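The values are calculated or read from the model by the stated rules, or taken from the named source; none is laboratory data. All figures in this text were calculated on a predicted structure; none of them were measured in a lab. In this analysis, Cβ positions are derived from the backbone assuming ideal geometry, glycine residues included, and neighbour counts consider all displayed protein chains.
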Amino acid sequence: MDKPGNGELPFIPSELSLPPDSVVFGHSLAMGIVRHKVRKVAGTNVPVLIQGESGTGKEILAKLLHIQSPWSDGPLVKVSCPAIPSALLESELFGYEKGAFTGAYGTKPGRVEMANRGTLFLDEIAELDMGLQAKLLQLLQDGQFCRIGAQEDKRVEVRVVCATNRHLEKEIEAGAFRADLFYRINVVDMQLPPLRDRREDIPDLVGYFLEAHGAMFKCTPRPVPSRLMQILQAYDWPGNIRQLENLVKRYVILGTEEAITSDLVSRRPASPFEPHIPVDGPVSLKEITQRAVLEVERRVILRTLQAHHWNRKRAARALNISYRALLYKIRDAGLSMPGRLGRVKVSTHPVAEA
């Protein structure tokens, strides 16, 4: 986010800076609904409210709405509401006249004015205080606003897109958000699902990030193995698409599976073994118990290897088993060593490890 008052021009994204629609929207039903709304709404000058968890792609959607609108030749001006101190946010949004306050040595247009004949994107709008919410309501009602220290209102033609990761209805109940402003910005509501609810889109997202960051770092990254892709699709992704992109970027730079799996394992809470028990057939207690023991053993071995930085001799001593026995257990459990794309190869001649 640019520092407030630095006078830099708003950014206008190009289509090349955005993923293709097939990647943005994927194949999930929830994103299909979002795609349909974008096509219907992009050409109309009505406010849009984008809701979703952090990292779900709300800014990407705002850029798409702008690019596909009749005002795409105009500016797209982003205001990150929590990034600007509340004392400065009013002057940043609406500008000020010379002498309006101490230090106002000249006239400065605000972001609203800079977005004229374009799109104003208010990110995390729930952070606006009640006074600024009232001024924004006036802008949405009649297209007018007033600079700080000015005597007359100014008129602008601007399309307003807002985003939030909060439930604004709860903010209204708590007295932190105006109900009348909510109804003004919520003409069209777009709900972006979390990544855990659109797991079928993860392979397309990974492929796009591999290609994009490979081009950025001028390298040809290794394809993600199918086993690793299954791990990615099973993860819950609390940081959503932003977290996935950062992990793929790390994978492109370091080139190892460990660049991804170490982070996922460290973040994933331990879960008990949940055996599959048939509902219409005989239950083999012995077989279920054996599977449970193998799963627990696998987790213990993995944690021990990580604790000893994958030094297998030290891990074997810590587990009180032979080095050769550990190698076979690693192979049978399908565990991967850092930097290896396949399973550990068992040798009849143990390699000395420091």
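Listed by position, the helices (runs of 4 or more DSSP H) inside segment 68-163 whose residues that are modelled with pLDDT under 95 and either touching a Gly at 6+ places or on another chain (Cβ under 7 Å) or surrounded by fewer than 16 Cβ atoms within 10 Å (Cβ to Cβ) (or both) number at least 1 are 86-94, 130-142.
Among the residues of segment 34-67, how many are part of a helix (DSSP H, G or I) and either farther than 24 Å from L195 by Cβ or in contact (Cβ under 8 Å) with a residue 40 or more places away in the chain (or both)? Counting residues in segment 34-67 that are part of a helix (DSSP H, G or I) and either farther than 24 Å from L195 by Cβ or in contact (Cβ under 8 Å) with a residue 40 or more places away in the chain (or both) gives 15. Sub-6 Å Cβ pairs linking a first residue in segment 125-141 that is within 14 Å of V187 (Cβ to Cβ) to a second residue that is among the aliphatic types (A, V, I, L, M), at least 6 apart or interchain, are L137/L181, ordered by first then second residue. Got at least one residue in segment 185-194 being part of a helix (DSSP H, G or I) and outside the structural domain of L232 (by TED's automatic domain parsing)? Checked segment 185-194: at least one residue is part of a helix (DSSP H, G or I) and outside the structural domain of L232 (by TED's automatic domain parsing).
In the set G131, G110, G149, only one residue is more than 29 Å from S54 (Cβ to Cβ), assigned by TED's automatic domain parsing to the domain that holds I50 and not aromatic (F, W, Y); that residue is G149.
When we screen E173, E200, E211 for residues that are in contact with a Ser or Thr (Cβ under 7 Å, 6 or more places away or on another chain) and on the phi < 0 side of the Ramachandran plot, the only hit is E200.
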